[in-house]
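Worksheet: the structure to be examined is printed underneath.
The values are calculated or read from the model by the stated rules, or taken from the named source; none is laboratory data. Values in this document were obtained by computation on a predicted structure and should not be read as measured data. Cβ sites come from the backbone with ideal geometry, for glycine too, and all protein chains shown count toward neighbours.
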Amino acid sequence: MSDWRKIQLPMTAKTVAELRAGDKLLLSGTIYAARDAAHKRFVEALDRGEKLPIDLSKSVIYYMGPSPTRPGDIVGACGPTTSARMDKYTPRLLTEGLRVMMGKGDRSLQVVEAIKKYRGVYLITIGGAGALLSLKVKSSEIVAYPDLGTEAVLKMEVENFPAIVAVDSQGNDFCKIGPSQYRTS
């Protein structure tokens with residue numbers, strides 16, 4: 001993994017600006033797992049003028065598939081879920097300072113444009129490997145919306161959590177660029 005760049009979180013604006021689509025990263029620090037229901041609540045809170053339970057500008061929001069934690073484990077399997085389900089909320093959260101999102105799959109053109117406009121970055125991680133990814137989680141605690149059960153917002157400390165830059169702050173989209181390298185016609 002010598003060609004993987006180690007990143008200490010939170011990610012600075014300078015680091016975000018330096019990242020390019022296709023870069024391979026190993027993240028260490030705090031990430032927050034939040035899915036559809038939490039995103040809906042974030043936007044509703046913002047619409048009411050309320051403060052969010054996490055600081056978006058210093059957060060990596062991970063679209064993590066829910067999995068119950070077995071007794072004695074830090075977290076259950078923590079693989080990514082399909083990011084497109086958060087697309088309707090993402091531009092608003094980017095306007096509020098969100099810089100870094102992580103999940104799986106490509107994003108809508110509207111989200112890619114918002115990432116470019118607000119100088120964010122979208123990362124993807126390994127789908128289907130949630131049990132292995134859970135080994136990179138050193139601690140986990142619910143920090144918001146516990147009534148959502150496995151979809152509550154989790155604060156997780158990770159070490160060398162693998163990710164690839166899918167959309168960089170320039171709007172370059174690896175989900176489009178990557179496959180084009182292998183087309184023969």
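For LYS138, indicate whether it is among the charged types (D, E, K, R) and over 16 Å from the mean Cα position of the chain (by Cα).
yes
Kindly establish whether SER28 is part of a loop (DSSP other than H, G, I, E, B) and of a type in the set (S, T, N, Q).
no
Looking at the range 121-178, what strands (runs of 3 or more DSSP E) fall wholly within it and have at least 1 residues that are free of Cβ contacts under 8 Å to residues at least 60 places away in the same chain?
Where strands (runs of 3 or more DSSP E) fall fully within the range 121-178 and carry at least 1 residues being free of Cβ contacts under 8 Å to residues at least 60 places away in the same chain, they are 121-124, 137-144.
So which of LEU109, LEU93 is farther than 17 Å from GLY65 by Cβ, crowded, with 21+ Cβ neighbours inside 10 Å and modelled with pLDDT of 95 or more?
From the options LEU109, LEU93, the qualifying one is LEU93.
Restricted to the range 115-132, and to residues that are in contact with a Lys or Arg (Cβ under 9 Å, 6 or more places away or on another chain), among the aliphatic types (A, V, I, L, M) and at pLDDT 95 or above, which residue is surrounded by the most Cβ atoms within 10 Å (Cβ to Cβ)?
Per the criteria, the residue is ILE115.
When you look at LYS136, is it of a type in the set (Lys, Arg), under 23 Å from MET11 (Cα atoms) and crowded, with 17+ Cβ neighbours inside 10 Å, yes or no?
Taking the combined requirement at face value, the residue satisfies it.
Using the structure shown, decide if GLY103 is closer than 22 Å to LEU9 by Cα, part of a loop (DSSP other than H, G, I, E, B), in contact (Cβ under 8 Å) with a residue 24 or more places away in the chain and not hydrophobic (A, V, I, L, M, F, W, C).
no
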